[in-house]
1. Could you give every pair whose Cβ atoms fall below 6 Å, whose first residue belongs to segment 68-90 and is under 10 Å from Asp42 (Cβ atoms), and whose second residue is of a type in the set (Ser, Thr, Tyr) and modelled with pLDDT of 75 or more, counting only separations of at least 6 or pairs across chains?
2. Restricting attention to segment 1-43, which residues are under 17 Å from Gln57 (Cα atoms) and part of a loop (DSSP other than H, G, I, E, B)?
3. Looking only at residues in segment 45-75 that are small (Gly, Ala, Ser) and surrounded by 13 or more Cβ atoms within 10 Å (Cβ to Cβ), which one is nearest to His19 (Cα to Cα)?
Amino acid sequence: MKDSNTIYAKVHRDPMTSHWFDICNLEMLRPTGVTEVSLFLDTSETMVTSQGTSAVQASFDQFMNVLDDHGMILENLSQSQIEDWITPHMKDNSED
């Protein structure tokens, strides 16, 4: 997929963490006035631990802390077991 507003990356599962803020280069967007981000979490069987928690919970927690540190908010958190990450993020921002 080629869309300048979309960043796709494979990330580590717990206990390792991936620095989602850095992967998405959000530091560069902040000075342009971007304060809200959208995130999709895959909750399919392969992404849930045997304890029933997200296999990327540590990365998610770290991401939320870094967003807060940079004055940004998570505007839209979508989760799906069918791995459809596009539909929940389709939004007309022309009136925003």
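1. That search, which allows pairs on different chains as well, returns Gln79/Thr43; Gln81/Thr43; Gln81/Ser44; Glu83/Ser44.
2. Ala9, Lys10, Val11, His12, Arg13, Asp14, Pro15, Met16, Thr17, Ser18, His19, Thr43
3. The first filter runs over segment 45-75 and keeps only residues small (Gly, Ala, Ser), leaving 50, 52, 54-55, 58-59, 71.
Going one step further and asking which of them are surrounded by 13 or more Cβ atoms within 10 Å (Cβ to Cβ), we end up with 54-55, 58-59.
Values: Ser54: 16, Ala55: 15, Ala58: 10, Ser59: 7 Å.
Within segment 45-75, the match that is nearest to His19 (Cα to Cα) is Ser59.
The values are calculated or read from the model by the stated rules, or taken from the named source; none is laboratory data. Every value quoted in this text rests on a predicted model; they were computed, and no experiment measured them. Cβ coordinates were reconstructed from backbone atoms using ideal geometry, including for glycine residues, and neighbour counts include every protein chain displayed.
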